[in-house]
1. Just one of the numbered conditions (1) surrounded by fewer than 21 Cβ atoms within 10 Å (Cβ to Cβ); (2) touching a helix residue (DSSP H, G or I) at 6+ places or on another chain (Cβ under 9 Å); (3) within 24 Å of G118 (Cβ to Cβ); (4) not aliphatic (A, V, I, L, M) is not true of G13; which one?
2. Looking only at the stretch 149-189, how many residues end up being modelled with pLDDT under 90, under 21 Å from G219 (Cβ atoms) and surrounded by fewer than 15 Cβ atoms within 10 Å (Cβ to Cβ)?
3. State which residue pairs qualify: first residue within 11 Å of I266 (Cα to Cα) and inside the stretch 282-296, second residue open to solvent by 50 Å² or more (accessible area, probe 1.4 Å) in any location, beta carbons under 7 Å apart, and separation of 6 or more residues or different chains.
4. Looking at the stretch 406-421, which of the residues that are open to solvent by 40 Å² or more (accessible area, probe 1.4 Å) and in a strand (DSSP E or B) is modelled with the lowest pLDDT?
5. Of all the residues that make up the stretch 325-352, how many are open to solvent by 70 Å² or more (accessible area, probe 1.4 Å), among the hydrophobic types (A, V, I, L, M, F, W, C) and either touching a Gly at 6+ places or on another chain (Cβ under 6 Å) or within 13 Å of F405 (Cα to Cα) (or both)?
6. I need a count of the residues in the stretch 248-290 that are of a type in the set (D, E, K, R) and farther than 23 Å from R58 by Cβ.
7. Of the conditions (1) assigned to a helix (DSSP H, G or I); (2) at pLDDT below 90, T56 clears all except one; give me its number.
8. Go through the stretch 370-405 and give me each residue that's part of a strand (DSSP E or B), of a type in the set (V, I, T) and either out of contact with any helix residue (DSSP H, G or I) (no Cβ under 8 Å at 6 or more places or on another chain) or closer than 17 Å to D352 by Cα (or both).
Amino acid sequence: MTNALLEDLSWRGLIYQQTDADGLKDLLNSEKISLYCGVDPTADSMHIGHIVPLLTLRRFQLHGHRPILLVGGATGMVGDPSGRSEERVLQTTEQIDKNVKGIKTQMERIFDFNTENGAQMVNNHDWIGPMSVIEFLRDFGKLININYMLGKDSIASRLDSGLSFTEFAYTLIQGIDFNHLFNTYNCKVQVGGSDQWGNITTGLEVIRKTHEEETKAFGITIPLVTKADGTKFGKSASGAVWLDAKKTSPYEFYQFWINTADADVIKYMKIFTFLDRNEIEALAETVENEPHLRKAQTTLAEEMTRLIHGEEALEQAVRISRALFSGNLKELSADEMKDAFKDVPSVEMSKDAKNIVDFIVEASVSPSKRQAREDVTNGAISVNGEKITDLAYEVGESDRLEDEFMIVRRGKKNYKMIKFV
């Protein structure tokens with residue numbers, strides 16, 4: 001079983017570095033373990049880049065191991081210098097508490113908390129917060145040599161541009177976390193992104209120096225997810241793809257995955273979904289032989305939207321997508337329309353009733369009155385999914401959705417949102 005797990009992780013491209021590959025294999029063959037991954041609450045939601053190590057932890061859970069999910073209420077107050085070229089802006093305690101709650105809710109969607117190997121959620125503020133400065137310096141500061149810390153990429157890369165003692169101490173605080181979880185939960189493995197290698201190895205050093213020589217703990221890092229064209233993964237036209245439905249709606253989330261390039265889709269299915277090898281390889285064949293059907297992209301979008309937002313939200317995202325593809329907007333509620341079209345070009349207009357020709361010229365839907373008349377007569381104009389062919393049609397109150405907006409379409413794909421003021 002263990003060999004199958006490690007082979008599966010390797011096939012999915014989820015292992016970047018290991019501190020002791022043979023030792024970890026022996027450990028997993030001999031016992032069910034506890035292992036952890038940490039997330040600092042830098043925002044009240046995770047984005048899709050955050051979840052790769054968490055999904056990897058979930059794979060361990062599915063093989064009978066127990067995940068420990070650490071939310072960094074303490075480390076979030078300090079700031080991780082890893083992958084940063086400048087000092088983080090410190091957040092208030094109130095903001096961090098709000099962020100912790102948001103992240104916990106999202107973790108509860110991914111993990112099973114109620115089985116024999118149910119996930120355990122912890123907050124490092126519970127053991128770091130009560131620690132005095134003297135305790136920190138005496139009990140842990142003595143363990144780590146300055147030269148050792150200067151060898152960390154996250155620290156060395158910042159020496160020229162500047163690094164505060166606060167961020168300098170971050171790696172040691174995370175080392176204390178690993179040691180605490182080792183002592184409290186017999187947690188023997190830490191999983192993190194590739195930028196966390198230095199922090200993970202500091203934790204192993206703290207464990208080594210505070211326990212007997214034969215004590216073993218391990219670290220694994222996950223490679224950074226990239227696109228085939230070299231551009232950054234996890235960004236949509238409107239910015240980061242968040243797990244919070246208020247920041248990235250389920251429809252936008254679904255669309256992000258459905259728009260995955262053929263060159264990336266199988267790689268992403270391996271990393272993000274729990275489909276097995278046979279299912280993914282069958283979909284890889286469709287990418288090769290029937291790319292126009294986009295079966296792999298549709299499956300990826302469905303799997304990810306269901307995982308993060310649930311079945312009901314997935315059904316809504318699919319309904320919006322189908323309505324937009326067919327042009328039949330009448331199937332959508334006002335809220336769904338607002339969601340679907342929030343990134344299309346928009347214009348503000350008054351609520352005065354206007355003739356359809358004058359209206360679409362003023363809204364810059366058609367470039368001139370002559371063209372507007374032609375568009376209406378030819379059936380190229382629709383209002384909220386309703387085709388308008390009568391040149392005498394008056395656009396008025398009944399056309400306004402929630403008395404706030406309207407969606408006008410010219411041709412098949414040219415949409416505009418009219419916002420009424």
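1. (3)
2. 4
3. Sorted first by the residue in the stretch 282-296, then by its partner, the pairs are L283/K295; T286/L293; T286/K295; V287/D262.
4. Here is the first cut: in the stretch 406-421, the ones open to solvent by 40 Å² or more (accessible area, probe 1.4 Å) are 409-410, 412-414, 419, 421.
Narrowing the set further to residues that are in a strand (DSSP E or B) leaves 409-410, 414, 419.
On the way: R409: 87, R410: 89, N414: 81, K419: 90.
The qualifying residue modelled with the lowest pLDDT is N414.
5. Within the stretch 325-352, residues that are open to solvent by 70 Å² or more (accessible area, probe 1.4 Å), among the hydrophobic types (A, V, I, L, M, F, W, C) and either touching a Gly at 6+ places or on another chain (Cβ under 6 Å) or within 13 Å of F405 (Cα to Cα) (or both) number 0.
6. Going through the stretch 248-290, the residues of a type in the set (D, E, K, R) turn out to be 252, 262, 264, 267, 270, 276-277, 279, 281, 285, 288, 290.
With the extra rule that they be farther than 23 Å from R58 by Cβ, the set shrinks to 252, 262, 285, 288, 290.
Number of matching residues: 5.
7. In the conditions (1) assigned to a helix (DSSP H, G or I); (2) at pLDDT below 90, T56 misses (2) alone.
8. Step one: filter the stretch 370-405 for residues part of a strand (DSSP E or B), giving 381-383, 386-387, 394-395, 401, 405.
With the extra rule that they be of a type in the set (V, I, T), the set shrinks to 381, 383, 395.
Answer for the stretch 370-405, where residues must be part of a strand (DSSP E or B), of a type in the set (V, I, T) and either out of contact with any helix residue (DSSP H, G or I) (no Cβ under 8 Å at 6 or more places or on another chain) or closer than 17 Å to D352 by Cα (or both): V383, V395.
The values are calculated or read from the model by the stated rules, or taken from the named source; none is laboratory data. In this text the structure is predicted, and so the values were computed from the model without any measurement. Methodologically, a virtual Cβ is constructed for each residue, glycine included, from the backbone with ideal geometry; neighbour enumeration extends over all protein chains shown. SASA here: full protein model, heavy atoms, side chains in, ligands and nucleic acids out. Shrake-Rupley method; radii C 1.70, N 1.55, O 1.52, S 1.80 Å.
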